[in-house]
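Input: a single structure, listed below in structure tokens.
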Amino acid sequence: MRFFSKLGMGLIIGYSFFESFQLFKELTSTKFLRIDLITQHDKRYHEIRKALPQNTTVGYISSLSDPKNILSVDDITHEVQEYYLAQYALSPVVLERGKDYSFVVGNFYRPDIKIETDKNLTIIKDYGNGVLLLKNNLK
């Protein structure tokens, strides 16, 4: 009887070590080391933030600014999320939807949508990853 008790305890301890190792391996894998969404957007807008005047308001257009590109409720949800993440990353600059400002930030995160820019908007700089700084020629 004593033999089976020791064997049972040994199996429980061994199983605990095995599970602890599996958990450690999973927690240190690359999928847990991914950068969070806010940090990704902060890095995405880092360079354009330096180019914008501090404490000002600029326009904001995106892949889904044109209603014909919105195909589902998920598109609307994603558009709202993109707008607020851009606003957070560019703070203290204030973003206003639309192009009625001297400078306009373009957030073209959907490569499957053809970007139709207004003829009154000129690209000042393409920062890559879908981020553009545009100048409104009418302002």
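Couple of notes before you dig in:
- Answer residue from the stretch 108-124, given it is aliphatic (A, V, I, L, M) and at pLDDT 75 or above and is farthest from the chain's Cα centre (by Cα) among those: Leu121
- Residues of the stretch 75-97 that are polar (S, T, N, Q) and under 23 Å from Asn136 (Cβ atoms): Gln87, Ser91.
- Per-region count, the stretch 125-139, residues in a loop (DSSP other than H, G, I, E, B) and either within 14 Å of Tyr45 (Cβ to Cβ) or at pLDDT 90 or above (or both): 2
- Counted residues, the stretch 64-107 - those being aliphatic (A, V, I, L, M) and either at pLDDT below 90 or on the phi > 0 side of the Ramachandran plot (or both): 6
The values are calculated or read from the model by the stated rules, or taken from the named source; none is laboratory data. What you are looking at is a predicted structure, and each value in this text was computed from that prediction instead of being measured. Glycine also receives a Cβ, built like all others from the backbone with ideal geometry; neighbour counts cover every protein chain displayed.
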